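J.: Quick one: this structure, given as structure tokens, is what I'll be asking you about.
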Amino acid sequence: MKKKNTNLTRREFIKDLFHKLLLLLLGSFVVSRFFKSAAAGYVWQIDPKKCVKCGRCATACVLTPSAVKCVHAFEICGYCNLCFGYFQPGALRLTADAENQLCPTGALQRRFVEDPFFEYTINEALCIGCGKCVKGCNLFGNGSLYLQVRHDRCKHCNECSIARVCAGRAFVRTPARKATFKNA
Amino acid sequence: MRKFRLLVLILVLAAPGWPAVATAAEERFPAPEFETQYEIPTPAHPHPRQDFFEYLDIAVLLAALGLAAFFAIKKRSRLGLFSLTFFSILYFGFFRHGCICPVGALQNVIFSFSGDYLLPLGVILFFALPLLFALFFGRVFCASVCPLGALQEAVIYKPIRLPQPIKHVLGLIPYLYLGLAVLFASTGSGFVICRFDPFVGFYRLSATPFMLLLGLGLLLTGIFIARPYCRFFCPYGVLLGIFSFFAKKHLSITPKECIHCRLCENACPVDAINPPSPRLYKTSKAQQIKHFGIFLAFVPLILATSGFGFSRLTDVLARQDRMVSLAERIHQEETNVATGNTLDSDAFRQEQTRVEDLYRQAARIRHKFYIGLWVFGLFFGLVISLKIIVLMQRPGRTDYTPDRFHCISCGRCMEYCPVQSDGSVTET
């Protein structure tokens, strides 16, 4: 009986030792990381300079339709008469008829401003993030159309499933506080 | 600290393009001068989630863990734990969409050691708090806070007991999964746990067909084999198990003293109740010590075999890394082994990085995999050895007690115990 008792206390002693050891380990981890922590979480953003408009944003996102949408930076739009983001290459007539439009869902819409200029806006409800317009705009225009992760739609997955397949490796983890725009 | 943060933010931000960058870009066609009163519009940029929610999440996690510990140990209420489960499904699941969960945070922690990725405060605490609670109260996180576990908890209907050998073999998978996740996170190749998270798709209400089927399959299995993901896959469960094993307090089956009525024997859905040890063993103590000694002599052999075996997987696993597979593809194209370009190789050539640099980077990653796999193999060999040593032991238990490593503190067994808190026994 006596032997059993000492056996028990030995086990308890070792358990207690490990308990303290693990507590120390966890504590030192938290403390050491705490002082180097990034204040807020990260969000995923696309670097437009690296984006090759491969079209995977439209299909690889866990959401359908994708959380990536086309965004128009109006400040650098050239208001081209022949908008290569809007018109199908070799379009017969420069009208808003579907066969002349590049966008497969009609999400890039134009509004008459004054002759001969139109203002191009993206209807986000329709945009699927395929990047066809972005490609056209970047090839021949100013590149005012670009693809970006829309943070109101994005689920902020720990590992972005588009980032994993992004051909240009353009997806970047960005601190959330820095992910807002100056003109927002 | 603030200065340091700022510096790192700038470093991290060096690459991404902002509208500021975009405006600085060369404009082929300047904007026309409008004759009408037209004003160039400013695009709307939705903000990411507010910081406030980050802190709210931490507060809710802390509260939920505290409540779970209270229900499991002080109140001994299965109903409380079960209600909390539904709260977790709603809050951590559907409201928060699952990310970042403590299970996945494990990879962020590993990743932060190897790159210039800084752990956000939320991730640090989401990783550490459940472990801290496990170290004091057992796996109360698993009981009713984890959104992955909560979903499986809700479908347990007729749990069966798996044969012991199957249980022990399947129980090794989490160690492999943990090792794999650590390997991929430390080489910067990706977050395996998040990629193959079977349940987060339900919370996002959107998933790939494969992950949806996997999730549904696990839930269907979970009707009969309770919590299949938690027991046979969850890598975080390994850490929680270790911390819980050395816990100060733990859920107990009986409120007073065990009367060996055996009513709780089949109560545990995850087979985590240790029965009293048999009084007599086939072998004597001396023989047992001898067997133990013989086994110890074999341990180095197990470690070496495992380490060597795992290191053979270097090429297969390293190819899962994007840079390595890209380098391979480029090499094949350069040497005319493969014809045609892929989107990725095209994109690489547009970047105008030197091919040698890519090869060098790929070789570096491959070497990391090689070293990592040796460590992984040694670790797994150690796990197997320890598992056998534990199975050889004669713990000398006298009562029915929860297996502190595997018990998820769900509290079902408490209802089976006829002993009341004042020591009296209810007749049934």
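J.: By per-residue mean of other Cβ atoms within 10 Å, what is the highest-first order of B:149-159, B:41-51, B:112-122?
T.: Descending packing order for the listed peptides: B:149-159, B:112-122, B:41-51.
J.: Per residue of the stretch B:40-55, in order, report the coupling 6.51 cos²θ - 1.76 cosθ + 1.60 (Karplus, θ = phi - 60°) as ³J(HN,Hα) in whole Hz, putting x for Gly and Pro.
T.: Result, rounded to whole Hz: 5, x, 9, x, 8, 10, x, 7, x, 3, 6, 4, 3, 5, 4, 6.
J.: Please compute one quarter of the surface area of the Cα convex hull for the stretch B:146-298 and express it in square nanometres.
T.: Working: hull surface 53.6 nm².
In nm², the orientation-averaged hull projection of the stretch B:146-298 is 13.4.
J.: Could you sort B:Ser284, B:Ser421 by their accessible area in this structure, using a 1.4 Å probe and putting the largest first? Walk me through the numbers before you get to the answer.
T.: Values: B:Ser284 55, B:Ser421 90 Å².
Of B:Ser284, B:Ser421, the descending order of accessible area is B:Ser421, B:Ser284.
J.: A further question follows. Report the trypsin sites (Lys or Arg not before Pro) located in the stretch B:333-394 that are in a DSSP loop and have at most 16 other Cβ atoms inside 10 Å of their Cβ, or state none.
T.: Here the sparse-neighbourhood loop sites are B:Arg354.
J.: Within 10 Å of each Cβ in A:43-53, how many Cβ atoms from other chains are there, averaged over the peptide?
T.: Shielding by partners across A:43-53 averages 4.
J.: Mind giving me the FRET efficiency for B:Ile242 and A:Leu139? R0 is 45 Å, r the Cβ-Cβ distance, nearest 0.05 is fine.
T.: Given R0 = 45 Å and the Cβ-Cβ separation, E is 0.20.
J.: Could you tell me the distance between the Cα centroids of the stretch A:57-99 and the stretch B:366-415, to the nearest Å?
T.: So the two Cα centres are separated by 56 Å.
J.: In nm, to one decimal, how far is the B:Val355 label point from the A:Ala125 one, both placed 7 Å along Cα→Cβ?
T.: 5.1 nm
J.: Sorting A:Trp44, B:Trp374 by accessible area (1.4 Å probe), largest first, what list results?
T.: B:Trp374, A:Trp44
J.: 7 Å from Cα along Cα→Cβ at both B:Asn336 and B:Ile173: what's the point-to-point distance in nm?
T.: My value for the distance between the label points is 4.8 nm.
J.: Oh, and also: Taking every pair of alpha-carbon atoms in the stretch B:78-182, what share in percent sits in each 5 Å bin, from 0 to the bin with the longest distance?
T.: 2, 11, 15, 19, 22, 16, 10, 3, 2, 0
J.: Something else: Would you please state which residues of the stretch B:378-407 a label at B:Phe308 would reach in this model, taking the label point 7 Å out along Cα→Cβ and a backbone N cut-off of under 17 Å?
T.: B:378-382
J.: Report the equivalent ellipsoid semi-axes for the protein assembly as shown in whole Å, largest first, defined as the square roots of five times the eigenvalues of the gyration tensor built from alpha carbon atoms.
T.: 55, 28, 21
J.: Okay, moving on. Please state, to two decimals, what the Cα-based radius of gyration of the stretch B:115-171 comes to when divided by 2.2 N^0.38 Å (N = residues).
T.: 1.57
J.: While we're on this one: Whenever you get a sec, line up B:Ile223, B:Ile253 from highest to lowest accessible area (probe 1.4 Å, protein heavy atoms). Intermediate values should be presented prior to the final figure.
T.: On the way: B:Ile223 45, B:Ile253 5 Å².
The residues order as B:Ile223, B:Ile253, largest area first.
J.: Would you kindly compute the Cα radius of gyration of the stretch A:42-178 and its largest Cα-Cα separation (Dmax), both in Å?
T.: Using the Cα atoms of the stretch A:42-178, the pair Rg, Dmax is 15.1, 48 Å.
J.: Take the cross-link list A:Lys49/A:Lys155; B:Lys74/B:Lys256; A:Lys20/B:Lys75; B:Lys158/B:Lys256; B:Lys158/B:Lys387; A:Lys132/A:Lys155 and give me the ones stretching past 19 Å between alpha-carbons.
T.: From A:Lys49/A:Lys155; B:Lys74/B:Lys256; A:Lys20/B:Lys75; B:Lys158/B:Lys256; B:Lys158/B:Lys387; A:Lys132/A:Lys155, over 19 Å: A:Lys49/A:Lys155; A:Lys20/B:Lys75; B:Lys158/B:Lys256; B:Lys158/B:Lys387; A:Lys132/A:Lys155.
J.: Let me know the longest stretch in chain A that avoids all trypsin sites (Lys or Arg not before Pro) found in a DSSP loop with at most 10 other C-beta atoms within 10 Å.
T.: A:1-92
J.: What are the chymotrypsin sites (Phe, Trp or Tyr not before Pro) within the stretch B:223-331 that DSSP puts in a loop, where the Cβ has at most 16 other Cβ atoms within 10 Å?
T.: Sparse-neighbourhood loop chymotrypsin sites (Phe, Trp or Tyr not before Pro): B:Tyr281.
J.: Hey, what D do you get for the stretch B:168-214 in µm²/s if you plug the Kirkwood alpha-carbon radius into Stokes-Einstein at 37 °C and 0.692 mPa s?
T.: Using the Kirkwood radius from Cα pairs, D works out to 275 µm²/s.
J.: Moving on. Give me P(r) over chain B, computed from all C-alpha to C-alpha distances, binned every 20 Å, as integer percentages.
T.: Using 20 Å bins, I get a P(r) of 20, 48, 25, 6, 1, 0 for chain B.
The values are calculated or read from the model by the stated rules, or taken from the named source; none is laboratory data. Bear in mind the structure is a predicted one, so any value in this text is a computation, not a measurement. Don't worry about glycine lacking a Cβ; one is built from the backbone with ideal geometry, like all the others, and counts go over all protein chains shown. Just the protein is used for accessible areas: all its heavy atoms, side chains included, with ligands, DNA and RNA removed. Shrake-Rupley method; radii C 1.70, N 1.55, O 1.52, S 1.80 Å.
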